[in-house]
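Q: Right, I'll just put the structure down here and ask away after.
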Amino acid sequence: MKRSLVVILCLSLIFILVGCSKDKKANKSAQTTNKNQALEDNSKDINNLTQAVNEQNSVDKKKKQIPINTNSIQSTKTSPNKQVVKDKNNVSEKITKVNSKIKLYKGTYFDDSVYRDTTLKKYCEVVISNVTNTSFDFTAYQVNVLSTGKKSRKAIFLKNTAVFTEDGTKAIFHGKNYTLNFTFPNYHGAYPIATDMKISGCKPLAGKNFVNNGIPGHEFG
């Protein structure tokens with residue numbers, strides 16, 4: 001009888017120990033699972049945060065790379081026959097150009113001093129080209145008369161573009177170093193045809209009257 005009781009007590013103790021061991025393993029497994037889940041969740045949060053930061057950096061980078069197009073800034077309103085432009089030398093100052101009210105012809109306008117002084121050995125001339133309703137190109141030369149009677153010339157003001165301004169009877173070239181003003185006096189009674197031209201702002205050209213005697217119907221000598 002005593003032996004049976006001892007056996008029963010031993011078996012009961014064994015079952016209790018086995019049960020405790022299983023509970024500890026279950027708890028340990030549950031803790032491990034929870035810990036792994038927590039790590040996985042943290043990893044996801046870190047990945048999401050990293051992705052969000054990368055996306056924001058990408059947006060900021062794109063914003064920095066977007067160039068500012070200063071030319072897209074709209075100019076102030078002008079009348080229908082006016083336009084606001086920048087001169088070709090990229091001077092920040094703007095020039096308002098208008099439609100011409102004179103008839104300027106392409107060709108050579110030369111210093112009319114040659115008519116008054118036949119012994120003149122040096123003078124200037126201005127070649128006009130690419131004439132439009134609002135602008136024209138010009139190139140200034142110095143002409144040297146050689147002892148043989150032949151002429152040589154060198155450019156003293158390279159080709160540039162002047163625009164008609166104010167009332168359409170004047171023109172201007174505004175460059176980095178020079179501002180040239182063009183007027184067209186009616187010395188030969190040909191208005192609105194421009195047979196005469198004066199230029200200020202460039203010493204070799206200032207104070208001279210340049211004439212074009214090759215305009216059809218307005219030739220003179």
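Read-outs: derived from the displayed coordinates by stated rules, not from any lab. In this text the structure is predicted, and so the values were computed from the model without any measurement. So basically every Cβ, Gly included, is an ideal-geometry build from the backbone, and we count neighbours across all protein chains shown.
Q: Taking 1 over the mean of 1/r across every pair of different Cα atoms in segment 82-211, what Kirkwood radius in Å do you get? Display every interim value, and only then the final one.
A: Numbers: mean 1/r = 0.0653 Å⁻¹.
About 15.3 Å, per the Kirkwood formula over Cα pairs.
Q: Follow-up question, since we're still on this one. Sorted by packing (mean other beta-carbon atoms within 10 Å per residue), highest first, where do 119-126, 205-212 land?
A: Working: 119-126: 15.4, 205-212: 18.5.
Going from most to least packed, we get 205-212, 119-126.
Q: If neighbour count is taken as other Cβ atoms inside 10 Å, put I128, I156 in order from fewest to most. The partial results should precede the final answer.
A: Values: I128 21, I156 14.
Final ranking by Cβ density, sparse to dense: I156, I128.
Q: With labels modelled as points extended 7 Å from the Cα through the Cβ direction, what inter-label distance (nm, one decimal) is found for C202 paired with T139?
A: Roughly 1.2 nm, to one decimal.
Q: As an exercise, identify the trypsin sites (Lys or Arg not before Pro) in segment 161-200 lying in DSSP coil whose Cβ has no more than 15 other Cβ atoms within 10 Å.
A: Numbers: sites: K170, K176, K198; in loops: K176.
Answer in residue order: K176.
Q: Could you give the radius of gyration (one decimal) and Dmax (whole number) of the Cα atoms in segment 165-221, in Å?
A: Cα radius of gyration and Dmax of segment 165-221 are 12.5, 38 Å respectively.
Q: Just the projected area, averaged over all directions, of the convex hull on the alpha carbon atoms of segment 144-190: how many nm²?
A: If I average the Cα hull's projected area over directions, I get 5.6 nm².
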